[in-house]
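Reading through the structure tokens given below for one structure.
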Amino acid sequence: MKSSVVPRTVSDYCHSWIDKNPEYEYRFFDDRDISEFISKEFPSYLPALGKIKHGAVKADLWRYLITYKYGGVYADFDSRCVVPLRDWINPGSKWVTHLGINRDVCQWLIMSIPGNRILENAAEKSYHNIINGGPPCIEFRGFAIDDFRNLVLYRGSSFRTSHPVMTIAGPPVMQQASEECFIDGSAQQIFKSTQVVCVSDQQQCEMNGNVSHDCPKDEYLKALTEMATPHYESARAELSRARSFYAKIRGRLKIRTRLRAVVSRFF
């Protein structure tokens, strides 16, 4: 967030975590806090800050770094705690997640111990994408759970996305990082103690209903407008408009070229 002063809707989201989890210390980070944290704790990542074009990318990178550093619970500011964490989190878990509709791990709510290699890998991949430009698309297999509720790689078709923002540091990047760590064994102890709360089908299971995300959406988008903070989907819309404009200009140039060719035949 650009500022710690937020509309009532966002304040309600935040206070749902505070009110239902009094045993936790709650901290709200704005844009300046994020920059100061990265500068102090991960100075090697500073070159990326100057290249970030979308606020969502900065928030993505930061969430990986801060949960890797301190552990605990990270929640998007548009998520509401419905059921106290103590009532559904297994205290022996090293990572708590769910599987979304794309069979991916949860990125808008991260609950982990410090030093989780998956989060470190996600930060490293995000940094590389920011510095070198995000890939045109990301492909991942996704996870499933076995009879013992352990994560296993999905055996069906893979999932692909070319979202202009998410492919830089968003959920697909964290899923790729998770799968890499699963395959190379670098987060073996994490996966052995992972709590998969639920598996989504046609709709997001949202931690089995214990958390509500981006709800109600109209109020959330209104709050973003009040804070002059663009939603990450606006980047897709801007890119689409740019491509449309480019296509029109290119079409006009082709028409002019054809007209010149026709005129040249007669003169």
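The values are calculated or read from the model by the stated rules, or taken from the named source; none is laboratory data. If you're wondering where the values come from, they're calculated on a predicted model, not measured in any experiment. Positions of Cβ are generated from backbone atoms using ideal geometry, with glycine treated the same way; all protein chains shown enter the neighbour counts.
Summary of computed values
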read-out: R141 at pLDDT 95 or above and charged (D, E, K, R); value: yes
read-out: Candidates I52, I113, I130, filtered to the one that is in contact with a Pro (Cβ under 9 Å, 6 or more places away or on another chain) and touching a residue at least 40 places away in the same chain (Cβ under 8 Å); value: I130
read-out: Count of residues meeting criterion [outside any helix (DSSP H, G or I), basic (K, R) and surrounded by fewer than 18 Cβ atoms within 10 Å (Cβ to Cβ)] in segment 29-84; value: 2
read-out: Condition check for I101: under 20 Å from F42 (Cα atoms), surrounded by fewer than 20 Cβ atoms within 10 Å (Cβ to Cβ), more than 14 Å from the chain's Cα centre (by Cα) and among the β-branched types (V, I, T); value: no
read-out: Test result for L65, of a type outside the set (G, A, S), in contact with a helix residue (DSSP H, G or I) (Cβ under 6 Å, 6 or more places away or on another chain) and at pLDDT 95 or above; value: yes
read-out: Among the residues listed as I89, I138, the single one being crowded, with 16+ Cβ neighbours inside 10 Å, closer than 30 Å to E25 by Cα and among the aliphatic types (A, V, I, L, M); value: I89
read-out: Members of segment 55-82 found to be in contact (Cβ under 8 Å) with a residue 40 or more places away in the chain and either among the small types (G, A, S) or not assigned by TED's automatic domain parsing to the domain that holds M174 (or both), listed by number; value: G55, A56, G71, G72, A75, S79
read-out: Spans of helices (runs of 4 or more DSSP H) in segment 100-203 with at least 1 residues of a type in the set (D, E); value: 117-132, 171-184
read-out: Tally, over segment 88-99, of residues that are touching a helix residue (DSSP H, G or I) at 6+ places or on another chain (Cβ under 9 Å) and in a loop (DSSP other than H, G, I, E, B); value: 2
read-out: Subset of segment 170-225 (residues that are modelled with pLDDT of 95 or more, surrounded by fewer than 16 Cβ atoms within 10 Å (Cβ to Cβ) and either farther than 17 Å from F143 by Cβ or not basic (K, R) (or both)); value: I183, D184, G185, S186, Q188, Q189, S193, N208, G209
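Here's the yes/no breakdown for (1) over 15 Å from R103 (Cα atoms); (2) in contact with a helix residue (DSSP H, G or I) (Cβ under 9 Å, 6 or more places away or on another chain); (3) not assigned by TED's automatic domain parsing to the domain that holds R117:
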{"position": "G142", "(1), (2), (3)": "no, yes, no"}
{"position": "R149", "(1), (2), (3)": "no, no, no"}
{"position": "S162", "(1), (2), (3)": "yes, no, no"}
{"position": "F182", "(1), (2), (3)": "no, yes, no"}
{"position": "T194", "(1), (2), (3)": "yes, no, no"}
{"position": "V199", "(1), (2), (3)": "no, no, no"}
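Residue-wise test of (1) more than 17 Å from V165 (Cβ to Cβ); (2) of a type in the set (F, W, Y).
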| position | (1), (2) |
| --- | --- |
| F29 | yes, yes |
| D33 | yes, no |
| I38 | yes, no |
| A48 | no, no |
| A56 | no, no |
| A59 | no, no |
| A75 | yes, no |
| R80 | yes, no |
